[in-house]
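Structure, as structure tokens:
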Amino acid sequence: MKLIVVSAGLSTPSSTRLLADRLAEAARDELAARGQAPSTQVVELRELAGDIANHLVTGFPPPRLSAAIDAVTAADGLIAVTPVFAASYSGLFKSFFDVIDPDALSGKPLLIAATGGTARHSLVLEHAVRPLFSYLRAVVVPTAVFAASEDWGSGGDEYTDGLPGRVRRAGAELAALMAARPVGEEPEDDVTILERQLADLRFD
Amino acid sequence: MQFGIFTVGDVTPDPTNGRTPTERERIKAMVAIALKAEEVGLDVFATGEHHNPPFVPSSPTTMLGYIAARTEKLILSTSTTLITTNDPVKIAEDYAMLQHLADGRVDLMLGRGNTGPVYPWFGQDIRQGINLAKENYALLRRLWREDVVDWEGTFRTPLQAFTSTPRPLDAVPPFVWHGSIRSPEVAEQAAFYGDGFFHNNIFWPADHTRRMVQLYRRRFAHHGHGRPEDAVVGLGGQVFMRKNSQDAVREFRPYFDNAPVYGHGPSLEDFTEQTPLTVGSPQQVIERTLSFRESVGDYQRQLFLMDHAGLPLKTVLEQLDILGEEVVPVLREEFAKGRPADVPEAPTHASLRAVREVSAA
């Protein structure tokens, strides 16, 4: 079982990566409680920024980006975390999902999360990020996690869960969907897919 | 094995001096390049077809007819002829006419085209691209093979008792290649009919090219046209050469960096590593080109892109001298080594006519 974490943080270290790691840990803990031990791989988009731009220009991915795309395509569950830029996901985050095959995320359990300066941006997850992945037909878990700067230094109150509580809940939701998926579903190789497409075509 | 060049026909400013050729200059340059191809012993010249600036070749058979009159041996081809938006009746007529004028030195490469607005400009719907390619090609084949055609389809007006004139030279239709970069449907269409498959690999990594050609070869055999190694494969290539490889890199870099398609993207070094582009000495070009065979098996046609991105005509002609004098003779010799005797050559008018005479007898 493969859990792939996509982080679009730009600084090193970044709070986006910090949040991504907390979410991955929460999902892994819940899967462990269910007797599952997923492998986890983090895709740092910062390291692929040039490759992503080159793919947009040339139409094919350089080798490192190709490996990251393959990892996302073969994932059993995904966590995607972006900083909020200008009222939406960052351009780098969007560009990465622009160069992935539109069917690659179909049916995959996905946890979305974002970071920002203040909690006023938190609905970006619902207004921008969730529709993007709905379009890509991923199965997005109900809890989307937004971490504002102040969340890193405060707990919950009587009305709201603090960040750790939201992280745990979201991680558990993702884990439940991943655990419920049929296991051992190996990705078909390209040629198999091509052959099936071709079988549907008749040239006469 | 055939060697040649294919041109896009772009009018691009020379990035080293900012000068943009006029359309007339570019068209005349394309002709000069074709004549040079014959002079230096290349086999094929292919022109693109485009219907929007900055490209000039909207009327390939006009240009190829003119070149035919000024050459003796050169095979005239296209890269590509738009099977989606051209009327198949006009393709049948135009290329049969060209065949007669060129004494059979004609084949063509069909493509769907990659410019969205061309479909509506020519009254078509881009969402029907694949269906247009299927129906139009099926009609084109009949127009060349049957003297009188009754036909009804989805995309053009029906034909009753229609005869496409002139009839193909010696009743041998031009050989057809199907060109594609990423559509497996095109490999299937080529395989279905037993036509040639040209993978324009110049912007793509080798493993993708290998998969597409393998698919075509397998389906070619599946459809009963022979063994996988009997399939007719063409590949693209892109080179810039100087005696000293550092000089080649230095001279080509500004053209690469500002080129349409890939300019302002990856570095010359990365792109060279990831695609067939080779910038260096003639020996480097020879080694790289010979390595294509490892990806796709023994193949039939190798076309190079030599004249895009604003390279001045003088430079392109120098490149063709190097290609024809230093590179292609070695490639002919080396590709012949280890090539099984039963791997076919690319069909020509003469070879197709011979097959026809045998089957008629």
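A short reminder: the numbers here are calculations on the coordinates, not readings from a lab. The structure displayed is predicted, hence computed values, not measured ones. Using ideal geometry, Cβ is built from the backbone for each residue, glycine included, and neighbour counts are taken over all protein chains shown.
Structure summary
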item	result
Chain A: mean projected area of Cα convex hull, nm²	13.3
GluC sites (Glu not before Pro) within the range B:104-200, DSSP loop, no more than 14 other Cβ atoms inside 10 Å	B:Glu146, B:Glu152
Neighbourhood net charge (13 Å Cβ-Cβ; Lys/Arg +1, Asp/Glu -1) for B:Ala92	+1
Beta bridges by DSSP in the protein assembly as shown, antiparallel share as percent, to the nearest 5	10
Net +/- balance of residues flanking B:Arg112 in space, Cβ distance below 14 Å, scoring K and R +1, D and E -1	-2
Between helix A:163-180 and chain A: long-axis angle, C-alpha atoms, 0 to 90°, nearest 10	30
Descending semi-axes in whole angstrom, ellipsoid equivalent of the range B:2-360, from the Cα gyration tensor	32, 24, 20
Amide H partners (placed H, <5 Å) of A:Ala138, local residues excluded	A:Gly107
Amide proton proximity set for B:His50, modelled H, under 5 Å, gap of 5+	B:Ser58
Under 17 Å from B:Lys36, Cα to Cα: lysines that are on another chain or at least 8 residues apart	B:Lys28, B:Lys73, B:Lys314
Helix A:49-58 axis, angle to chain A major axis (alpha carbon atoms, nearest 10°)	30
Coordinate range along principal axes, alpha carbons of the range B:56-182, Å, largest first	42, 35, 23
Rounded to the nearest 20 debye, dipole of chain A from Cβ charges on Lys, Arg, Asp, Glu	420
Karplus 3J(HN,Hα) series, Hz, for the range A:67-81 with 6.51 cos²θ - 1.76 cosθ + 1.60 (x for Gly, Pro)	5, 5, 5, 4, 4, 5, 5, 8, 5, 8, x, 10, 10, 10, 10
Per residue, the convex hull volume that the Cα atoms of the protein assembly as shown enclose (Å³)	178
Length-normalised contact order of the range B:200-330 in % [C-alpha pairs under 8 Å, at least 6 apart]	32
Antiparallel %, DSSP beta bridges [both residues in the range B:2-360], to 5	10
For B:Phe175, distant residues with modelled amide H under 5 Å away	B:Leu108
